[in-house]
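Quick notes on the structure that follows.
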Amino acid sequence: MRPAKALIDLGALRHNYALARRLHGGKALAVVKANAYGHGAVVCAHALADLADGFAVACLEEAEGLRAGGITAPILLLEGVFEVSEWARADALGLWVVVHQAEQLEMLAACRPKRPIPVWMKFNSGMNRAGLPLARLPALHAQLAGDPKVASVTLMSHFARADEPECDETRRQFERLRAAMEGVPAPVSICNSAGILGWPGIRGDWARPGIMLYGADPMPGEGHGLRPVMQLGSRIMAVRQLSAGDPVGYGARFVAPRPMRIGLVAMGYADGYPRAVPDGAPVVVAGQRTRIVGRVSMDMLTVDLEGIDADVGSPVELWGGAVSVNEVAAVAGTIAYELLCNVKRVAFEYVQPA
Ligand SMILES: *Cc1c(COP(=O)(O)O)cnc(C)c1O
């Protein structure tokens with residue numbers, strides 16, 4: 001069996017959820033969209049089932065996957081419905097539904113749910129992506145609160161720059177939302193992971209932690225006691241001795257400056273390891289830190305074994321507890337979110353909580 005593997009530590013996931021909930025106070029929806037950021041949504045949701053107040057996914061199809069997998073807790077659709085018929089399907093599955101634009105309210109008016117549906121109204125407090133206008137908050141709240149198709153109304157908004165501790169925009173978004181909510185009797189949800197970790201003065205009734213559950217700190221510095229959940233690993237499948245001047249891999253991007261040993265690793269961009277990493281990207285071989293040399297191929301990559309005690313079969317960590325996914329993301333010019341979501345083809349192995 002090809003040794004490329006994502007080892008998922010469900011105890012770490014539970015630790016991170018409990019930390020998110022405690023730091024924020026109140027309740028917390030565990031965000032498990034995009035297959036739990038690449039970790040496996042059904043398994044992760046089951047691992048959190050006795051701790052979590054509920055879950056959040058992007059769309060109905062993801063919620064259906066969780067319900068089919070036996071998840072009975074509340075599930076929020078973060079993008080809401082895309083067509084009228086989805087209100088009925090959401091109703092049948094007992095989902096909670098975000099409304100972020102007027103068309104979704106029109107679809108609600110056109111549907112006939114059997115039971116009233118819990119609705120989260122998303123307002124645009126400055127990100128200018130999704131969200132209803134803040135100026136209409138009191139009127140829209142009154143409209144939905146009086147709608148017999150609506151079981152309850154929760155207010156929400158989303159931060160654009162909460163991962164920038166020096167940036168005032170997060171505080172301004174919060175103030176705009178607070179001003180618009182003045183006197184409106186509804187619970188509110190504001191904080192994503194960066195809000196929870198970086199903005200202790202900004203809180204609501206519900207948190208929506210995503211990336212921090214998986215142990216990747218969205219704030220610079222990483223000192224919040226999160227535990228990495230995924231170890232992306234593999235093994236050395238071949239070892240080669242190079243002479244000075246020998247090129248390695250596609251495009252001969254790396255050329256050995258002197259005689260050296262390299263290892264071939266069963267891991268490539270088809271597994272989700274980023275092709276964008278430069279020579280020198282960090283990797284750990286048999287517990288020793290070394291570097292990637294040469295371009296990452298679809299199924300393989302090459303690592304420097306000079307001064308490294310390793311041979312065919314030695315374990316390799318691409319990211320996990322020894323090399324953080326944030327570190328790899330930084331050298332690849334992206335963010336941990338994208339790397340984690342992209343993991344595929346590898347074998348998934350789950351470590352149950354102790
Ligand atoms: C994805 C998402 C989250 C989670 O964000 P993280 O940065 O991963 O914590 C929270 N709220 C909304 C609306 C989202 O789409």
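The values are calculated or read from the model by the stated rules, or taken from the named source; none is laboratory data. Remember, predicted model here, so these are calculated numbers, not experimental data. All Cβ positions, even for glycine, are placed from backbone atoms using ideal geometry, and neighbour counts span all protein chains on display.
Summary of computed values
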item: Every residue from the stretch 83-137 that is within 13 Å of residue 157 (Cα to Cα) and in a loop (DSSP other than H, G, I, E, B); result: 100, 101, 125, 126, 127, 128, 129, 130, 131
item: Single condition residue 189 does not satisfy, out of (1) within 15 Å of the ligand (Cβ to nearest atom); (2) at pLDDT 95 or above; (3) under 30 Å from residue 293 (Cβ atoms); result: (3)
item: Of all residues in the stretch 45-59 being farther than 27 Å from residue 100 by Cα and not in a loop (DSSP other than H, G, I, E, B), the one that is nearest to the ligand (Cβ to nearest atom); result: 48
item: Among the residues listed as 232, 226, 242, the single one being among the aliphatic types (A, V, I, L, M), touching a strand residue (DSSP E or B) at 6+ places or on another chain (Cβ under 7 Å) and either within 15 Å of the ligand (Cβ to nearest atom) or over 26 Å from residue 347 (Cα atoms) (or both); result: 242
item: Test result for residue 308, modelled with pLDDT of 95 or more, in the same structural domain as residue 277 (by TED's automatic domain parsing) and closer than 28 Å to residue 241 by Cα; result: yes
item: Breaking point among (1) within 14 Å of the ligand (Cβ to nearest atom); (2) in contact with a strand residue (DSSP E or B) (Cβ under 8 Å, 6 or more places away or on another chain); (3) among the hydrophobic types (A, V, I, L, M, F, W, C), for residue 216; result: (2)
item: Positions within the stretch 86-143 being within 16 Å of the ligand (Cβ to nearest atom) and polar (S, T, N, Q), in sequence order; result: 101, 104, 124, 125, 128
item: Out of 267, 237, 260, sole residue that is under 28 Å from the mean Cα position of the chain (by Cα) and hydrophobic (A, V, I, L, M, F, W, C); result: 267
item: Members of the stretch 60-82 that are within 16 Å of the ligand (Cβ to nearest atom), buried (at least 17 other Cβ atoms within 10 Å of the Cβ) and in a loop (DSSP other than H, G, I, E, B); result: 78, 79, 80, 81
